[in-house]
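Q: Let me give you the structure first, and then I'll get to my questions.
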Amino acid sequence: METILRGVVEALQLLLSFDADLREIVGLSLWVSGAALAISVVMGVPVGVWLGLRQFPGRQLLVALIYTGMGLPPVVVGLAVYLTLSRQGPLGDLGWLFTPTAMILAQVILALPMVAGFTMTAIAALPAQLILQLRALGATPAQVNLTLLYEARNGVLAAIVGGFGAIISEVGSVMMVGGNIDHKTRVLTTAIVLETRKGNFDLAIALGVVLLGLAFMANWLLLRLQGRLDPRM
Amino acid sequence: MTPLLLVSDLEHRYGARTVLRIPQLQVQAGEILALVGPSGAGKSTLLRLLNFLEAPSAGQIHFRGQPYTPQTLPLALRRRITTVFQQPILLDMSVRANVAYGLRLRTGGNGHGQEDAALQAVGLAHLAPARARTLSGGEAQRVSLARALVLDPDLLLLDEPTANLDPGNVRAIEEIVATANRQRGTTIVLVTHNVWQARRLAQRVAFLYEGELLETAATADFFERPQHPRTAAFLHGDMVY
Ligand SMILES: Nc1ncnc2c1ncn2[C@@H]1O[C@H](COP(=O)(O)OP(=O)(O)OP(=O)(O)O)[C@@H](O)[C@H]1O
Ligand SMILES: [Mg+2]
């Protein structure tokens, strides 16, 4: 109990003192997971809309793959990306292993199926007649899609925030492909693992508090956004 | 004069089932044509085809003298036609935003108060700021009519627009529909189960039965001298549906 309390106090001290190392770690965490999320949203939302609306041969297989992707163990993704980017791997020449780019790549693989899968579910849950209604009111195909996204906004926002929560807090893949290198690829989760192993529980707890704070802020932002878009509020 | 709509040799199938077979049907510019017939006759399906929302399995639909499909109909022409569906689906926004939706699609901006006038016309001005999803069935149906009327279409397809309304509101809606037709020259195809409504509003009536147009006639002839025995039976309410 005392350890935890001391950790929280130290976390506050660290935060208030704007500790340079901490800022660097938080910054890199946000950069890696933020970039991975942005890429996943740009690719995953259109794919989710498309899958939610279209029937085509092979769709079921694709959906099954996405559902599987939503539950991928981060260490397995880490292993796959590691092997791909390692010197003998097919993309070894890129020299990405143990860089933030490799970490972003791994986290895209984790977040993309979540964003696409939940977007698909939210879009598919809309009434089938809605598209006809929008077209009858004169919507172009792009306007139809935008309105469908608006109608499914709560599900889509939850998909995005859920994806962020999953990658900001995962440790397996960033550890394997980033290597937890000080000042280079160390993020909150890998730092927590390291400090715990070294017995620096105060610092580990401080980092944990920061991580929880980030996750909380993401969800708070979600609620604010949902509230702003929700005519009830 | 070229009819506004000309349907020729039309067939529509779902799977192996043919749900519409219409060798010929014309809708004249400026008229109100009532479409009556038992449940499942294909009335709503025909409206979807006439709005170019679905392509017929065979045959052609001409709009203003040109044959089009959902793919070939230019956007500007498509925006001259709209449907008030049997089941109104309102968007999850305010009532006013729902009515302005079609206008915003066209201009990118807002409706400049036209949406409030349209809501006023259907007697729902007081609900403008309300959330559309909280409306009753009859209110939703009137909002759905307002958002179609505000677009001032050339062709308005109405699928049982008064089905959920009380008699007072039925009269009010009929008045709005008649006024749009008289003052703006809006051509209207009105699907209704209410033969009295057809009689009050339409210049011509078409009787659809199991996907086929058994009879199309001027309103007075249709009701007073039905040619087809099934039409007569339908009018006498002998049909089970
Ligand atoms: N998308 C569809 N897929 C398969 N069958 C359909 C589809 N839409 C309509 N049908 C069938 O086509 C027939 C005509 O349906 P439609 O909705 O046009 O009837 P309706 O005349 O409007 O009936 P109601 O008065 O009950 O509204 C029905 O038998 C219906 O089951
Ligand atoms: Mg119908």
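The values are calculated or read from the model by the stated rules, or taken from the named source; none is laboratory data. The structure displayed is predicted, hence computed values, not measured ones. Here the Cβ is made from the backbone with ideal geometry for all residues, glycine too, and neighbour counts use every protein chain on show. The accessibility values were calculated without ligands, DNA or RNA, using every heavy atom of the protein model including side chains. Shrake-Rupley method; radii C 1.70, N 1.55, O 1.52, S 1.80 Å.
Q: How many residues, within segment B:191-241, are open to solvent by 20 Å² or more (accessible area, probe 1.4 Å) and in contact with a His (Cβ under 8 Å, 6 or more places away or on another chain)?
A: Qualifying residue count, segment B:191-241: 1.
Q: Restricting the search to segment B:165-190, which residues are among the polar types (S, T, N, Q) and open to solvent by less than 10 Å² (accessible area, probe 1.4 Å)?
A: The answer is B:THR186, B:THR187.
Conditions tested, residue by residue: (1) within 24 Å of B:ARG48 (Cβ to Cβ); (2) in contact with a Ser or Thr (Cβ under 7 Å, 6 or more places away or on another chain); (3) basic (Lys, Arg).
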position: B:ARG133; (1), (2), (3): no, no, yes
position: B:GLY137; (1), (2), (3): yes, no, no
position: B:ASP166; (1), (2), (3): no, no, no
position: B:GLU175; (1), (2), (3): no, no, no
position: B:ALA180; (1), (2), (3): yes, yes, no
position: B:VAL205; (1), (2), (3): yes, yes, no
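Q: Okay, next question. For A:ASP202, state whether it is among the acidic types (Asp, Glu) and in a helix (DSSP H, G or I).
A: Criteria met by A:ASP202.
Q: Another one. Just to check your reading of the model, which residue among A:ILE131, A:ILE109, A:ILE160, A:ILE123 is open to solvent by 20 Å² or more (accessible area, probe 1.4 Å), more than 10 Å from every other protein chain (Cβ to nearest Cβ) and at pLDDT 95 or above?
A: A:ILE109
Q: May I ask you to list the residues in segment B:162-191 that are within 16 Å of ligand 2 (Cβ to nearest atom) and modelled with pLDDT of 95 or more?
A: B:VAL189, B:LEU190, B:VAL191
Q: Right, next: Has segment B:66-82 got at least one residue that is within 12 Å of chain A (Cβ to nearest Cβ), more than 30 Å from B:GLN26 (Cβ to Cβ) and away from ligand 1 (no atom under 16 Å from the Cβ)?
A: The answer is no, given that none of the residues of segment B:66-82 is within 12 Å of chain A (Cβ to nearest Cβ), more than 30 Å from B:GLN26 (Cβ to Cβ) and away from ligand 1 (no atom under 16 Å from the Cβ).
Q: Which condition number in (1) open to solvent by less than 50 Å² (accessible area, probe 1.4 Å); (2) more than 14 Å from chain B (Cβ to nearest Cβ); (3) modelled with pLDDT of 95 or more; (4) part of a helix (DSSP H, G or I) is the one that A:GLU170 fails?
A: It is condition (4) that A:GLU170 fails.
Q: Before we move on, is A:GLN143 modelled with pLDDT of 95 or more and either open to solvent by 30 Å² or more (accessible area, probe 1.4 Å) or hydrophobic (A, V, I, L, M, F, W, C) (or both)?
A: yes
Q: Being within 16 Å of ligand 2 (Cβ to nearest atom) and of a type outside the set (Ser, Thr, Tyr) is true for just one of B:GLN71, B:GLN26, B:GLN66, B:GLN87. Which residue is that?
A: Answer to the selection: B:GLN87.
Q: Would you say B:LEU214 is within 14 Å of chain A (Cβ to nearest Cβ) and either within 16 Å of ligand 1 (Cβ to nearest atom) or at negative phi (or both)?
A: no
Q: Here's another thing I want to ask about it. Here is a check on your reading of the model: is B:ALA198 farther than 29 Å from B:VAL122 by Cα and not polar (S, T, N, Q)?
A: When the stated conditions are applied, B:ALA198 does not pass them.
Q: Can you list residue pairs whose Cβ atoms sit under 7 Å apart, with the first residue in segment A:1-26 being touching a residue at least 24 places away in the same chain (Cβ under 8 Å) and the second being open to solvent by 100 Å² or more (accessible area, probe 1.4 Å) and not in a helix (DSSP H, G or I)? Count only pairs 6 or more apart in sequence or on different chains.
A: A:GLU24/A:HIS183
Q: Quick one: in segment B:152-180, of everything that is in contact with a helix residue (DSSP H, G or I) (Cβ under 8 Å, 6 or more places away or on another chain), more than 16 Å from B:GLU31 (Cα to Cα) and away from every other protein chain (no Cβ under 14 Å), which residue is nearest to ligand 1 (Cβ to nearest atom)?
A: Restricting to residues being in contact with a helix residue (DSSP H, G or I) (Cβ under 8 Å, 6 or more places away or on another chain), more than 16 Å from B:GLU31 (Cα to Cα) and away from every other protein chain (no Cβ under 14 Å), the top hit is B:ALA163.
Q: Considering each residue of segment A:173-208, count those that are in contact (Cβ under 8 Å) with a residue 24 or more places away in the chain and surrounded by 19 or more Cβ atoms within 10 Å (Cβ to Cβ), and give that number.
A: Total satisfying the criteria: 19.
Q: Is there a residue in segment B:49-65 that is more than 23 Å from A:LEU130 (Cβ to Cβ), at pLDDT 95 or above and among the acidic types (Asp, Glu)?
A: Scanning segment B:49-65, I find no residue that is more than 23 Å from A:LEU130 (Cβ to Cβ), at pLDDT 95 or above and among the acidic types (Asp, Glu), so the answer is no.
Q: To continue, here is another question. What strands (runs of 3 or more DSSP E) lie completely within segment B:9-126 and have 1 or more residues being touching a residue at least 40 places away in the same chain (Cβ under 8 Å) and either within 20 Å of the chain's Cα centre (by Cα) or crowded, with 16+ Cβ neighbours inside 10 Å (or both)?
A: Qualifying strands (runs of 3 or more DSSP E): B:17-27, B:32-36, B:58-63, B:81-84.
Q: For segment B:165-241, which fully contained helices (runs of 4 or more DSSP H) count at least 2 residues that are of a type in the set (A, V, I, L, M)?
A: In segment B:165-241, the matching helices (runs of 4 or more DSSP H) lie at B:167-184, B:195-201, B:229-235.
Q: Sticking with this structure for a sec: Which residue, of B:GLY37, B:GLY42, is touching a Lys or Arg at 6+ places or on another chain (Cβ under 7 Å), within 16 Å of ligand 2 (Cβ to nearest atom), more than 14 Å from chain A (Cβ to nearest Cβ) and among the small types (Gly, Ala, Ser)?
A: B:GLY37
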